[in-house]
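Reading through the C-alpha cells given below for one structure.
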Amino acid sequence: QPFACKSLHLRNRFMMAPMSRYFAPSGIVTPASADYYRRRIEGGVACVITEGVAIDRPGAVAADTIPRFFGNEALAGWDRVRQDVQAAGGAIIPQLWHVGGCTDFNFPDSPHDPLESPSGLVGPDLPGGRPMTGQDADEVQASFVRGALDAQRLGFDAIELHGAHGYLLHQFLSPRANKREDEYGGPLANRMRFIVDIARAVRAALPARVMLGARLSVTDWVEGGLVPEEAVEVALALKPE
C-alpha cells in the first residue's frame with residue numbers, strides 16, 4: 001500500500017535501510033553510486049535511505065571513501081543520484097552523519113581530522129579524542145542545518161539525522177561515552193539535549209512540509225549504557241512540539 005508523510009510519498013512500504021558502500025573516492029559519489037541506488041528502486045523498493053553522508057565539519061567522517069554532503073562537487077554528485085532515483089519512480093533520503101569519536105575499522109589507515117566527541121573518548125573508557133566545547137556543539141548544530149537545507153534545496157524527499165551506532169549523536173546519549181558534567185552530561189535530559197537541539201534547529205530551518213526523521217540505537221547492549229526505556233524518552237522528545 002502507498003504511504004505518505006509530509007514531503008515523503010511512497011508507492012509501497014518497502015524502504016532500503018542505509019548502509020555504507022565505501023565507493024566515493026575523495027568523498028565524491030560517482031555514477032556507480034547512482035546506478036547502485038537506482039537499481040534498488042527498479043527492483044521494487046519505494047525508497048532508499050542513503051549511506052551516512054558527512055556534514056560540513058572537520059572530523060565528521062574518518063574514511064576518505066565515505067561520501068561528503070557539502071561542497072559543490074559532492075552536492076552535484078548527490079543531485080545526480082537523486083535525479084536517477086526519482087526518475088525511476090522512487091524516493092531518496094540522505095542520512096546526515098558525524099562519526100564523532102569513532103575511527104573507521106574498515107579503513108584504519110585512512111587520513112582523518114582529529115576526533116571530537118562528548119568527552120574525548122574514542123571507545124568505551126578509551127581516551128584519544130578531543131572533548132567538545134560549547135562552541136563546538138553550536139558549530140556542529142549549524143553544520144547539520146546547512147546539510148539539511150542543501151538536501152531540501154536539491155529536492156530530496158525527506159531528511160534523516162544519524163543518531164545511532166555509536167556515532168556522535170549517539171555518543172552524547174550514551175552514559176558510557178558521555179562523561180560530561182555540564183548541561184550536556186549526567187541525567188538523560190542533559191544527554192539528549194544535543195540531538196534534540198539539533199533536531200529542533202533543523203526543523204525550524206526547513207519548510208513545514210519537509211519530513212525530518214532520526215535514526216536511533218535503542219540500547220548499547222552493555223551495562224551502564226543507553227537502555228530502551230531511555231531511547232523511548234529520546235524519541236518522544238524529538239517529536240515536534
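Listed values, structure above:
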| item | result |
| --- | --- |
| Cα-based helix-to-principal-axis angle, 72-87 vs the chain, degrees rounded to 10 | 50 |
| Residues with amide H under 5 Å from that of VAL122, placed H, sequence gap 5 or more | GLY128, GLY129 |
| Calculated from backbone phi, Karplus (6.51, -1.76, 1.60) coupling profile of segment 155-167 in Hz, x at Gly/Pro | x, 5, 7, 6, 9, 10, 9, 8, x, 10, 6, x, 8 |
| Choice from GLY44, GLY120, GLY90 showing the highest fluctuation, given a GNM over the chain with Cα pairs closer than 10 Å | GLY44 |
| Cα convex hull of segment 9-165, projected area averaged across orientations, nm² | 9.2 |
| Protein accessible area in segment 158-210, 1.4 Å probe - carbon and sulfur % | 52 |
| From phi via Karplus (6.51, -1.76, 1.60), per-residue ³J(HN,Hα) for segment 201-206 in Hz, x at Gly/Pro | 5, 5, 4, 5, 7, 8 |
| Helix 134-154 vs. the chain, principal-axis angle (Cα, 0 to 90°, nearest 10) | 10 |
| Rounded percent of accessible protein surface that carbon and sulfur make up, segment 41-94, 1.4 Å probe | 45 |
| Taking only Cα atoms of segment 117-237, radius of gyration then Dmax in Å | 14.4, 43 |
| Förster radius 45 Å - calculated FRET efficiency between ARG200 and ALA76, Cβ distance, rounded to 0.05 | 0.90 |
| Accessible surface, per residue, of the chain when the full set of protein chains is kept, probe 1.4 Å, Å² | 46 |
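The values are calculated or read from the model by the stated rules, or taken from the named source; none is laboratory data. Computed from a predicted structure; not experimentally measured. All Cβ positions, glycine included, derive from the backbone under ideal geometry; neighbour counts span all protein chains shown. To get the accessible areas, we keep the full protein, side chains included, count just its heavy atoms, and leave off ligands, DNA and RNA. Shrake-Rupley method; radii C 1.70, N 1.55, O 1.52, S 1.80 Å.
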